[in-house]
Amino acid sequence: MYKTPISVLVIIHTPDRQILLLERADHPGYWQSVTGSQNQGETLLQTAAREVAEETGLDAGRYELTDWNIQNEYEIYEEWRWRYAPEVTHNTEHVFGLLVPEPVPVSVAAREHLRFAWFPWENAVEKVFSPTNAEAIRKLASDKSDRNNRSEKNPYLEPGRTDS
């Protein structure tokens, strides 16, 4: 049975932007976030939750799983194309985030990954092999930075006051 060329990328992260990465068993040295193809009849959210459980042992229902509404289309790496129907050359990837309160231990799927590690976002961007994975981590960092900057301004202060 061929894989569907629709997948999820799930960035598992902490509030302070530490990123969980997994090292691929079939390609040592290739680090990535959780990824996986959609199964027939699944919603993308169900795919994301299933892949998180399969690849890390984490129950996404215990944390904040969000659809980032980002869709990437890319050419499937030649070495993995055999998993898809012969005419399939591109995949559509949907990006999700899973916010956990702190770096938590995970159980990697031995057939898929050798090990896991938590990295500060700057190091994670450099470590991942996939350009879309790196871009999603950068987006998380820039979104958090924007949110942090906005939250520094207290909208409830009276005009002219700078502190309570």
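The values are calculated or read from the model by the stated rules, or taken from the named source; none is laboratory data. This one's a predicted model, so the numbers in the text were calculated from it and none came from an experiment. When we count neighbours, we look across all protein chains shown, and the Cβ atoms used for this are built from the backbone with ideal geometry, even at glycine. Calculation scope for accessible area: heavy atoms of the full protein, side chains included, ligands and nucleic acids excluded. Shrake-Rupley method; radii C 1.70, N 1.55, O 1.52, S 1.80 Å.
Just a few scattered comments:
- Residue tally, condition part of a helix (DSSP H, G or I), surrounded by fewer than 12 Cβ atoms within 10 Å (Cβ to Cβ) and touching a helix residue (DSSP H, G or I) at 6+ places or on another chain (Cβ under 8 Å), over the stretch 33-82: 1
- Taking the stretch 95-114 as the range and being open to solvent by less than 20 Å² (accessible area, probe 1.4 Å) and of a type in the set (Gly, Ala, Ser) as the test, only Gly97 passes.
- Flag if Ser7 is among the hydroxyl-bearing types (Ser, Thr, Tyr), buried (at least 17 other Cβ atoms within 10 Å of the Cβ) and more than 11 Å from the chain's Cα centre (by Cα): yes
- Scanning the stretch 22-32 for residues being under 13 Å from Ala109 (Cα atoms), out of contact with any Gly (no Cβ under 9 Å at 6 or more places or on another chain) and either assigned to a strand (DSSP E or B) or of a type in the set (Ser, Thr, Tyr) (or both) gives a total of 2.
- Pairs where the first residue, in the stretch 114-140, is polar (S, T, N, Q) and the second is outside any strand (DSSP E or B) and open to solvent by less than 70 Å² (accessible area, probe 1.4 Å), C-beta under 7 Å, 6+ apart: Asn133/Ser33
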